[in-house]
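The values are calculated or read from the model by the stated rules, or taken from the named source; none is laboratory data. Since we're looking at a predicted model, the values are computed, not measured. Here the Cβ positions follow ideal geometry from the backbone for every residue, glycine too, while neighbour counts run over all protein chains shown.
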């Protein structure tokens with residue numbers, strides 16, 4: 001999911017360079033949403049794993 005955020009970030013940068021400011025804003029907004037969703041999912045996953053008492057190797 002982080003790769004999608006990175007892809008949309010790159011698209012936003014390229015669109016900004018070429019002057020497509022509406023497209024750049026849309027791609028940056030999508031990248032931001034995907035990044036925060038992935039971050040929240042990672043935190044929840046770590047918390048759930050820690051709550052189970054899983055032993056680390």
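Hey, can you tell me all the residues within segment 1-28 that are within 18 Å of residue 40 (Cβ to Cβ) and not in a helix (DSSP H, G or I)?
Listed by number, the list holds a single entry, 1.
Here is a check on your reading of the model: is residue 34 in a helix (DSSP H, G or I), loosely packed, with under 13 Cβ neighbours inside 10 Å and at pLDDT 75 or above?
Considered against the rule, which asks whether it is in a helix (DSSP H, G or I), loosely packed, with under 13 Cβ neighbours inside 10 Å and at pLDDT 75 or above, residue 34 comes out as no.
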